[in-house]
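For reference, the structure is listed below as structure tokens.
The values are calculated or read from the model by the stated rules, or taken from the named source; none is laboratory data. All figures in this text were calculated on a predicted structure; none of them were measured in a lab. Methodologically, a virtual Cβ is constructed for each residue, glycine included, from the backbone with ideal geometry; neighbour enumeration extends over all protein chains shown.
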Amino acid sequence: DSGVTQTPKHLITATGQRVTLRCSPRSGDLSVYWYQQSLDQGLQFLIQYYNGEERAKGNILERFSAQQFPDLHSELNLSSLELGDSALYFCASSPRTGGGANVLTFGAGSRLTVL
Amino acid sequence: GIQVEQSPPDLILQEGANSTLRCNFSDSVNNLQWFHQNPWGQLINLFYIPSGTKQNGRLSATTVATERYSLLYISSSQTTDSGVYFCAVLSTDSWGKFQFGAGTQVVVTP
């Protein structure tokens, strides 16, 4: 157990629907990162939050949004889902933002299947 | 943005063999990490190594930041080493966009 909790582990839904993925960071970590991994693809950076504020943004679609709450958990909202959104969505956490000894710890991922 | 290239893309090893995986990056970094994604999809942090050399059991890593590359060594490989190895870097002008390479797929056969 890495200490980063992601729910749900698996999710099957239909095109056009909306889903919410949840992430609880490791105790003491203030940064949360979201990554998308499509089949046989690498890890695509979506967005990072630090202590409730957005700090870095990748190629996140307008249909996707995220936030980090005061208790530091984060949610990734995916709407108007398309077949191509089927992927493994990872959350990672780290103690701080920026460089230095800022080590990423990943959750087990949420596997989204859009039919 | 920073570019990260990993080589080779695929590697097939016989149990007991040694191997070297490479990660090249296009800009200055202040954070570099190696990860192993096992066949069940779990991502495990192997090393935080922005510079210098570290060892952990049969694995070791070296980063030469001035020449913009890092190497991951696997010695006496075991079937449990199978999976995909990723390096991730954070450029000095970024707060949190860790850029991952495409990975090296390693298969260790008995």
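Considering only residues that are out of contact with any Asp or Glu (no Cβ under 9 Å at 6 or more places or on another chain), within 13 Å of chain A (Cβ to nearest Cβ), part of a strand (DSSP E or B) and not aliphatic (A, V, I, L, M), which ones fall in segment B:17-51?
Correct list: B:Asn30, B:Asn31, B:Gln33, B:Trp34, B:Phe35, B:Gln37, B:Asn45, B:Phe47, B:Tyr48.
Looking at segment B:83-103 only, could you name the residues that are under 18 Å from A:Gln36 (Cβ atoms), of a type in the set (A, V, I, L, M) and assigned to a strand (DSSP E or B)?
Scanning segment B:83-103 gives B:Val84, B:Ala88.
What residue, among those in segment A:75-106 that are away from chain B (no Cβ under 13 Å) and surrounded by 16 or more Cβ atoms within 10 Å (Cβ to Cβ), is farthest from A:Arg26 (Cα to Cα)?
Checking each candidate, the answer is A:Leu81.
Please list, ordered by first then second residue, the pairs with beta carbon atoms under 8 Å, 6 or more apart or interchain, first in segment B:55-79 and part of a loop (DSSP other than H, G, I, E, B), second surrounded by fewer than 16 Cβ atoms within 10 Å (Cβ to Cβ) and among the acidic types (Asp, Glu).
Qualifying pairs under 8 Å: B:Arg68/B:Asp27; B:Ser77/B:Glu15; B:Gln78/B:Glu15.
Is it fair to say B:Gly83 is crowded, with 22+ Cβ neighbours inside 10 Å, away from chain A (no Cβ under 13 Å) and either in contact with a strand residue (DSSP E or B) (Cβ under 9 Å, 6 or more places away or on another chain) or at pLDDT below 95 (or both)?
yes
Go through (1) surrounded by fewer than 20 Cβ atoms within 10 Å (Cβ to Cβ); (2) away from chain B (no Cβ under 11 Å); (3) not acidic (Asp, Glu) and name the single condition A:Asn59 misses.
Just one mismatch for A:Asn59, condition (2).
Could you identify the single residue in A:Gly28, A:Gly42 that is surrounded by 13 or more Cβ atoms within 10 Å (Cβ to Cβ) and out of contact with any helix residue (DSSP H, G or I) (no Cβ under 6 Å at 6 or more places or on another chain)?
One residue alone meets the criteria, A:Gly42.
Would you confirm whether any residue within segment B:97-110 is at negative phi, of a type outside the set (Val, Ile, Thr), in contact with a strand residue (DSSP E or B) (Cβ under 7 Å, 6 or more places away or on another chain) and loosely packed, with under 14 Cβ neighbours inside 10 Å?
Looking through segment B:97-110, none of the residues is at negative phi, of a type outside the set (Val, Ile, Thr), in contact with a strand residue (DSSP E or B) (Cβ under 7 Å, 6 or more places away or on another chain) and loosely packed, with under 14 Cβ neighbours inside 10 Å.
How do the pairs read when you match residues in segment B:1-28 that are on the phi > 0 side of the Ramachandran plot and loosely packed, with under 14 Cβ neighbours inside 10 Å with residues anywhere that are assigned to a loop (DSSP other than H, G, I, E, B) and among the hydroxyl-bearing types (Ser, Thr, Tyr), using Cβ under 7 Å and keeping only pairs 6 or more apart or on different chains?
B:Gly16/B:Ser76; B:Gly16/B:Ser77
Give me the strands (runs of 3 or more DSSP E) completely within segment A:14-115, filtered to those with at least 1 residues that are within 18 Å of B:Gly101 (Cα to Cα), ordered by residue number.
A:31-37, A:44-50, A:53-57, A:87-94
Conditions tested, residue by residue: (1) over 13 Å from the mean Cα position of the chain (by Cα); (2) at pLDDT 95 or above; (3) of a type in the set (D, E, K, R).
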{"site": "B:Leu43", "(1), (2), (3)": "no, yes, no"}
{"site": "B:Tyr48", "(1), (2), (3)": "no, yes, no"}
{"site": "B:Asn56", "(1), (2), (3)": "yes, yes, no"}
{"site": "B:Ala61", "(1), (2), (3)": "no, yes, no"}
{"site": "B:Glu67", "(1), (2), (3)": "yes, yes, yes"}
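Conditions tested, residue by residue: (1) acidic (Asp, Glu); (2) under 14 Å from the mean Cα position of the chain (by Cα).
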position	(1), (2)
A:Lys9	no, yes
A:Leu21	no, yes
A:Gln37	no, yes
A:Glu62	yes, no
A:Asn77	no, yes
A:Gly84	no, no
A:Ala101	no, no
A:Thr105	no, yes
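The rows are residues; the columns are (1) farther than 13 Å from A:Ala87 by Cβ; (2) more than 9 Å from chain B (Cβ to nearest Cβ); (3) surrounded by fewer than 22 Cβ atoms within 10 Å (Cβ to Cβ); (4) touching a His at 6+ places or on another chain (Cβ under 7 Å).
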| residue | (1), (2), (3), (4) |
| --- | --- |
| A:Gln17 | yes, yes, yes, no |
| A:Thr20 | yes, yes, yes, no |
| A:Cys23 | yes, yes, no, yes |
| A:Ser38 | no, yes, yes, no |
| A:Gln48 | yes, no, no, no |
| A:Gly52 | yes, yes, yes, no |
| A:Arg55 | yes, no, yes, no |
